[in-house]
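Colleague: Here you go, one structure.
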Amino acid sequence: MAQVELRNVNKSFGKTNVIHNVNLEIEKGEFVVFVGPSGCGKSTLLRLIAGLETLSNGEIVIADKLVKDLPPSKRGIAMVFQSYALYPHMTVFNNMAFSLNLQGMNKTEIKQRVNSAAKILQMEHLLERRPAALSGGQRQRVAIGRAIVRNPEVFLFDEPLSNLDAALRHDTRVEIAKLHNQLGVTTIYVTHDQVEAMTLADKIVVLKDGEVMQAGAPMDLFNNPANEFVAEFLGSPKMNFFNGIIAFKNAGASKADFEGENFEIKNIKLVSQQKERSDFVRLGVRPQHLQIDPKGIIHGKIMLIEKLGVETIVELITVKDKTPFRFATQKMLELKIGQVVTFSFDPSKVHLF
């Protein structure tokens, strides 16, 4: 049985519909990430689950209870905000204990819960400090600890790492992953960062303009994107796209031949079975799947070289029609700006959209 279920969920602000008929099941103990560009509706969807926004239409079920008319405090959820939302005049201990005090819980149990959460997060030594004396990462841990002490049915995270620098973001992401493995609580996490989504999630839900584009395991979405938007959004650097037509397709076949301005290639996997011969399509190939090959079919002129240590990313334009594309490699190659390079790729690794 699903721990959280969204049934035909819609949300409008005035005449603007921001969430469109979302249906989703989240299993008990699952770590689900809502991901998408700014303004896609992912935070609004999270706030609907939390009860911080009211539904326009549809139903939300948490732990077998319809929660449409329940306030946030009665939904069995605990939320961690982007802004930490700590009380500056309270110690770490009192910030973490605040919601338990409101519930009228006895002091012995409050102390036990706070100390237990502090131990999990390795911050026992911070309990008497105030937020002003903490780093950004420490404040985020306090916010997470405040959620843990409530023993919720579901954790909700709203872009919790966006205020941290790159190194701290990585470290805190690892801590959140370890915390989930340790506690096993159903978790819904919102981010615009596809690296966070790929590394944390059991299931990714990709959103665009308030609609679910695709939902599934990270590598399933990466290897089998349902459409061009998902293919481009997941993966770094972004997938390359080339315009063309379907030159040949057997009836009912899932493969076709591509004919483009820059090259032609046979036996490519179709994402949509509905495409017919001569339909305009976009061929997608990831930068990591390109290989330098003197006998290859894509000819590109190097415009920029980014050496990142572990990986080198090369920005190019096609010789024929100046279409931009990227090549990524972990090999140490002697390349120069202005050089023309020829590439090949494995047809089984690309898609037609």
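Colleague: For region 1-137, report the translational diffusion coefficient in µm²/s to the nearest whole number, using Stokes-Einstein at 37 °C, 0.692 mPa s, and a Kirkwood Rh over Cα pairs.
Modeller: Estimated via Stokes-Einstein, D reaches 190 µm²/s.
Colleague: Also, quick follow-up: If ligands, DNA and RNA are left out, what is the accessible area of ASP69 with a 1.4 Å probe, given in Å² to the nearest 10?
Modeller: Estimated to the nearest 10 Å², ASP69 gives 140 Å².
Colleague: Once the Cα gyration tensor of region 1-49 is diagonalised, what are the square roots of 5 times its eigenvalues, in whole Å and ordered largest first, as equivalent ellipsoid semi-axes?
Modeller: They are 21, 13, 7 Å, listed from largest to smallest.
Colleague: Would you list ILE305, ILE298 from the most to the least accessible area, probe 1.4 Å?
Modeller: Of ILE305, ILE298, the descending order of accessible area is ILE305, ILE298.
Colleague: Normalised by the residues of the chain, what does the relative contact order come to in percent, with Cα pairs under 8 Å and at least six apart?
Modeller: Averaging sequence separation for qualifying contacts and normalising by length gives 15 percent for the chain.
Colleague: Across region 1-118, how many lysine pairs, 8 or more positions apart or on different chains, have C-alpha atoms separated by under 15 Å? Please give the number.
Modeller: Close lysine pairs found across region 1-118: 4.
Colleague: Another question about this same structure. Ignoring ligands and nucleic acids, what accessible area does LYS178 show with a 1.4 Å probe (Å², nearest 10)?
Modeller: LYS178 has an accessible surface of roughly 130 Å² with all protein chains in place.
Colleague: Okay, moving on. With a Förster radius of 30 Å, plug the Cβ-Cβ distance of PHE13 and SER99 into 1/(1 + (r/R0)^6) and report the FRET value to the nearest 0.05.
Modeller: Details: r = 29 Å, r/R0 = 0.96.
Between PHE13 and SER99 the formula returns 0.55.
Colleague: Hey, another quick one. According to a simple spin-label model (label point 7 Å from Cα along Cα-to-Cβ), what is the distance in nm between ILE305 and ALA177?
Modeller: Spacing of the two 7 Å Cα→Cβ label points: 3.2 nm.
Colleague: Whole angstrom only: what separates the Cα centroid of region 52-66 from the Cα centroid of region 333-353?
Modeller: A separation of 48 Å, based on Cα centres.
Colleague: Can I ask one more? State the percent of C-alpha pairs, over all pairs in the chain, separated by a distance greater than 27 angstrom.
Modeller: 56
Colleague: Determine the order of ARG141, ARG169 by accessible area, beginning with the largest, at a probe radius of 1.4 Å. Intermediate results must be reported in sequence, preceding the final value.
Modeller: Details: ARG141 40, ARG169 70 Å².
I get ARG169, ARG141, largest accessible area first.
Colleague: Now a separate question. Looking at this model, which pairs from LYS203/LYS307; LYS269/LYS301; LYS203/LYS295; LYS266/LYS336 are more than 29 angstrom apart at the alpha-carbon?
Modeller: In this structure, LYS203/LYS307; LYS203/LYS295; LYS266/LYS336 lie more than 29 Å apart at Cα.
Colleague: So how do GLU153, GLU30 rank on accessible area, 1.4 Å probe, biggest first, that is with the largest at the start?
Modeller: Working: GLU153 80, GLU30 30 Å².
Accessible-area ranking of GLU153, GLU30, largest first: GLU153, GLU30.
Colleague: When the convex hull of the C-alpha atoms of region 27-71 is computed, what volume per residue in Å³ does it have?
Modeller: Details: hull volume 4.1 nm³, N = 45.
Given the Cα convex hull of region 27-71, per-residue volume reads 91 Å³.
Colleague: Shifting gears a bit: Expressed as a rounded percentage, what relative contact order does region 6-89 have, with Cα pairs under 8 Å and six or more residues apart?
Modeller: Here the relative contact order equals 28 percent.
Colleague: Can I ask one more? Over the chain, with the other protein chains present, what is the accessible area per residue in square angstrom, probe 1.4 angstrom? If you can, show how the numbers build up before the last one.
Modeller: Details: 17470 Å² over 353 residues.
Accessible surface, normalised per residue, equals 49 Å².
Colleague: On a 0 to 90° scale, report how tilted helix 136-148 is relative to the longest principal axis of the chain, with both axes built from alpha carbons and the result rounded to the nearest 10.
Modeller: Roughly 60 degrees between the two axes.
Colleague: Could I ask something else about it? Would you mind telling me the share, in percent, of accessible area of region 85-129 contributed by carbon and sulfur at probe 1.4 angstrom?
Modeller: The value for region 85-129 is 52 percent carbon and sulfur by accessible area.
Colleague: For the residue pair GLN112 and ASP69, what label-to-label distance in nm results when each label sits 7 Å from Cα along the Cα-to-beta-carbon direction?
Modeller: 3.6
Colleague: What number, in nm² with one decimal, is the all-direction average of the projected area of the convex hull of the alpha-carbon atoms of region 167-227?
Modeller: Hull-based average projected area comes out at 4.7 nm².
Colleague: Once Rh for region 139-245 is found with the Kirkwood sum over Cα pairs, what is the Stokes-Einstein diffusion coefficient at 37 °C and 0.692 mPa s, in µm²/s?
Modeller: Working: Rh = 15.3 Å.
Rounded, D is 214 µm²/s.
Colleague: In debye, nearest 20: dipole of region 1-91 around its Cα centre with unit charges on the Cβ of K, R (+) and D, E (-)?
Modeller: 280
Colleague: Something else: Given the options ASN57, ASN106, ASN163, state which has the largest fluctuation in a GNM of the chain using a 10 Å cut-off (strictly under) for Cα springs.
Modeller: ASN106
Colleague: To the nearest 10 degrees, how steep is helix 107-120 against the longest Cα principal axis of the chain, on a 0 to 90 scale?
Modeller: The angle comes out at about 30 degrees.
Colleague: In square angstrom, rounded to the nearest 10, how much accessible surface does GLU311 have for a 1.4 Å probe?
Modeller: Here the accessible area works out near 50 Å².
The values are calculated or read from the model by the stated rules, or taken from the named source; none is laboratory data. Being a predicted model, the structure only gives us computed values, none of them experimental. For neighbour counting, all protein chains shown are included, and Cβ atoms are generated from backbone atoms with ideal geometry for every residue, glycine included. Just so you know, the surface numbers come from the protein's heavy atoms only, side chains and all, with ligands and any DNA or RNA stripped out. Shrake-Rupley method; radii C 1.70, N 1.55, O 1.52, S 1.80 Å.
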